[in-house]
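The values are calculated or read from the model by the stated rules, or taken from the named source; none is laboratory data. Because the structure is predicted, anything quoted here is derived from the model rather than measured. Heads up, the Cβs are rebuilt from the backbone with ideal geometry, glycines too, and the neighbour counts pull from every protein chain shown. These area figures cover heavy atoms from the full protein model, side chains too; ligands, DNA and RNA do not enter into them. Shrake-Rupley method; radii C 1.70, N 1.55, O 1.52, S 1.80 Å.
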Amino acid sequence: MADRVHPVPAPPPRRPDQPPADADDEAPATGTAAAAATETTPLHPSFNRLPSPPPGTYIVQVPKDQVLRVPPPDRARRYKKLAARPARRRLLRRACCCSCAALLLLLLLAAAFAGAIYLVFRPRAPTFSVASLSIRGLDGAPSSSSALSPELDATVRADNGANRKVGVDYRGGGSVTVSYAGQRLAAGPWPAFRQAPRNATVFAAAMRGRGVRLSEEQARRLAAERAAGAVPLAVEARVPVRLRFGKVLRTWTVDVKARCDVAVDRLEGDAAAVNRGCRVRVRPLWWWW
């Protein structure tokens with residue numbers, strides 16, 4: 001409750017004919033006339049005024065049930081603005097939750113669709129191999145001072161036999177290169193063609209090089225390996241590929257990177273290539289690793 005300060009009213013003045021409050025308080029006979037004269041004499045008006053409270057700070061406590069719930073008119077606009085903030089925040093929070101839920105639902109649907117496609121079609125990466133190499137421009141004794149212009153024609157086999165329901169579209173813009181000990185010898189385009197499921201395609205890739213210089217160490221190693229009849233070469237290809245699932249579904253275009261390590265018995269004419277293994281990498285399609 002509130003602590004309130006109330007002034008105490010002054011007692012009413014005593015009438016002349018009113019007897020005193022207590023007989024024991026009567027004055028002696030000698031002072032009776034003076035007391036009667038005092039009682040009948042009117043008092044100065046200043047004596048009837050209430051004493052003013054001393055200056056200071058007063059704390060008035062008001063109960064909560066008596067606090068006004070309606071703001072004053074000058075604060076009504078600010079009150080309305082502040083009162084609208086919680087509702088605005090609730091709407092924003094609800095919109096964010098709905099957006100996150102919709103995004104999560106889309107991701108779940110996409111994952112379910114991709115999983116169903118994988119379980120139905122079971123896509124596999126095609127395999128590659130180098131059947132033969134026709135080499136020109138490396139028949140002389142290579143040295144670090146001379147520039148070489150080699151020409152190589154590779155017979156490549158692309159096998160899609162592991163896929164029963166998935167076709168492969170090799171699009172244009174691909175390239176194939178041949179290198180020795182990290183030094184590129186020649187490069188050429190990869191042909192564009194469409195490969196059906198359970199199909200193997202053999203094609204020729206023509207590669208040309210110009211101004212190739214080998215270091216002294218590479219020249220010595222190449223001469224020794226040529227004499228031994230086993231020159232290691234690396235055939236690398238980068239091809240943009242699209243997958244076809246049935247007759248309707250198509251994937252986006254991804255880059256397939258393949259590397260085949262081969263060994264040839266000669267550096268002039270048609271050389272027999274011995275494959276030492278090929279690796280295929282397709283990062284966006286994780287099942288092609």
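Charging the Cβ of each Asp and Glu at -1 and of each Lys and Arg at +1, and nothing else, the dipole of the range 157-278 about its Cα centre rounds to 720 debye. Dipole orientation for the range 119-222: of the candidates GLY174, ALA219, SER134, GLY174 has the Cα lying most toward the positive pole (charges on Cβ; Lys, Arg +1; Asp, Glu -1).
A straight chain from ALA110 to ALA196 at 0.36 nm per residue would run longer than the Cα-Cα distance by 28.3 nm.
Ranked by the mean number of other Cβ atoms within 10 Å per residue, highest first, peptides 213-226, 255-268, 109-122 order as 255-268, 213-226, 109-122.
At the residue level, VAL282 shows approximately 0 square angstrom of accessible surface with a 1.4 angstrom probe and all protein chains present.
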